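Notes to accompany the following structure.
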Amino acid sequence: MTDYNSVLVEKRGAVTLVTLNRPQALNALNSEVLRELIEVFAAYDADDSQHCLVLTGSEKAFAAGADIKEMQSQGFAEMYSANFFGGWEQVTSTRKPWIAAVAGYALGGGSEVAMMADFIIAADTAKFGQPEIKLGVTPGMGGSQRLALAVGKAKAMEMCLTGRMMDAAEAERSGLVAKVVPAEGFLDEVMKTAEAIAGMAPLAAIANKEMINAAFEMPLNQGIRFERRLFHGLFGTEDQKEGMTAFVEKRPGNWKGR
Ligand code: CAA
């Protein structure tokens, strides 16, 4: 296990569990957290033994936002020249699947990082919000775009303009989260989903992820063509032969990842 200061990393079988660990600041996302997550996600992507990653926080807070105390005194030139928050694109370029497991507060950057995941599973205690307007700013880690894509313009506008929080039930109704589970035994439930994903053919997992993301990046006709080519491409893999043979032979697939 590599030693980090602000995150805990544990491999549980084929699932990497990453826990944000700044309890004194409700897991506020400072530069150190970002630096460490960039390393952790790159290591996960490069590790052939790992097939799903879960990012979580504490019972009280997934993350209460970007670190306000770190940003408070910054000026435009510093923010612009450092491309502040630009490093998150390295996290979103992760090719393998990952899930955000959100209990408690996911506010500002916390909600934005959760929305970077392939999907969110929420505990029934989860609270999402973009309260940056109350600080005189806006979302800066993709929140205005991903929230609008996830819940539509009306709710995204209302959330960002009022800074109000959305509870787990509303988040599920609005399409922000894939499912809500009780806080009691929350992580065990998330791990079951992660293990199910980790048990799938690895290249098919990457391809499924890539084509769903394409739906948000290209027009429909190009997205469908992209899907079709990736689908055709998987017929060049051993795992396609194995998967279809295993179905016919009524047994689980034994994946090679090639
Ligand atoms: N940055 C830095 N420190 C934070 C923080 C943040 N985003 N959120 C909480 N903390 C710190 C508090 O300052 C406090 O530290 P001290 O004990 O040293 O004072 C500690 O965490 C505990 O917080 P509270 O005492 O406030 O806890 P609470 O239970 O009373 O309230 C809360 C919880 C409602 C989440 C409240 O902490 C809060 O409103 N936090 C800020 C939420 C926010 O505005 N997030 C957006 C940040 S800006 C952003 O994210 C920009 C972007 O687009 C990326």
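Overview of results
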{"item": "Max mean-square fluctuation residue, GNM over the chain, Cα-Cα springs under 10 Å, options LYS11, LYS209, LYS69", "result": "LYS69"}
{"item": "Nearest-ten-degree value, helix 153-162 long axis tilted from longest Cα axis of the chain", "result": "30 degrees"}
{"item": "Near-label residues of region 82-122 by backbone N, under 19 Å of a point 7 Å along Cα→Cβ of GLU184", "result": "103-104, 122"}
{"item": "Alpha carbon Rg of region 29-91, scaled by the compact-globule rule 2.2 N^0.38 Å", "result": "1.34"}
{"item": "Pair ILE224, ASP45: separation of 7 Å Cα→Cβ label points (nm)", "result": "3.1 nm"}
{"item": "Computed accessible area, MET116, all protein chains, 1.4 angstrom probe, square angstrom", "result": "20 Å²"}
{"item": "Rg and Dmax of the chain, Cα atoms only, in Å", "result": "19.0, 64"}
{"item": "Where labels lie 7 Å past Cα in the beta-carbon direction, separation of ASN213 and MET244 in nm", "result": "2.7 nm"}
{"item": "Net +/- balance of residues flanking ASN254 in space, Cβ distance below 13 Å, scoring K and R +1, D and E -1", "result": "0"}
{"item": "Restricting region 166-258 to GluC sites (Glu not before Pro) in coil, as DSSP defines it, with at most 13 other Cβ within 10 Å", "result": "GLU184, GLU217, GLU249"}
{"item": "Inter-centroid distance (Cα atoms) of region 221-237 relative to region 93-157, Å", "result": "30 Å"}
{"item": "Tilt relative to the chain, helix 220-234 - C-alpha long axis, 0 to 90 degrees, to 10", "result": "50 degrees"}
{"item": "Theoretical ellipticity at 222 nm over the chain - DSSP helices of four or more residues, -39500 (n - 2.57) apiece, nearest 500", "result": "-13000 deg cm²/dmol"}
{"item": "Distance histogram in 10 Å bins (all Cα pairs of region 1-48, percent per bin)", "result": "26, 55, 18, 1"}
{"item": "Pairwise FRET efficiency - LYS60 versus LEU149, Cβ, R0 = 35 Å, nearest 0.05", "result": "0.80"}
{"item": "PHE231, PHE84, PHE76, reordered so the largest accessible area comes first (probe 1.4 Å)", "result": "PHE76, PHE231, PHE84"}
{"item": "Tail weight of P(r) past 15 Å, computed on alpha-carbon pairs of region 116-210, percent", "result": "66 percent"}
{"item": "Normalised per residue, the volume of the convex hull around the Cα set of region 74-127 (Å³)", "result": "68 Å³"}
{"item": "Cα-Cα pairs of region 108-160 separated by more than 19 Å (percent)", "result": "21 percent"}
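The values are calculated or read from the model by the stated rules, or taken from the named source; none is laboratory data. As the structure is a prediction and not an experimental result, all values here were calculated from the model. All Cβ positions, glycine included, derive from the backbone under ideal geometry; neighbour counts span all protein chains shown. The area values use the complete protein model at the heavy-atom level, side chains included, leaving out ligands, DNA and RNA. Shrake-Rupley method; radii C 1.70, N 1.55, O 1.52, S 1.80 Å.
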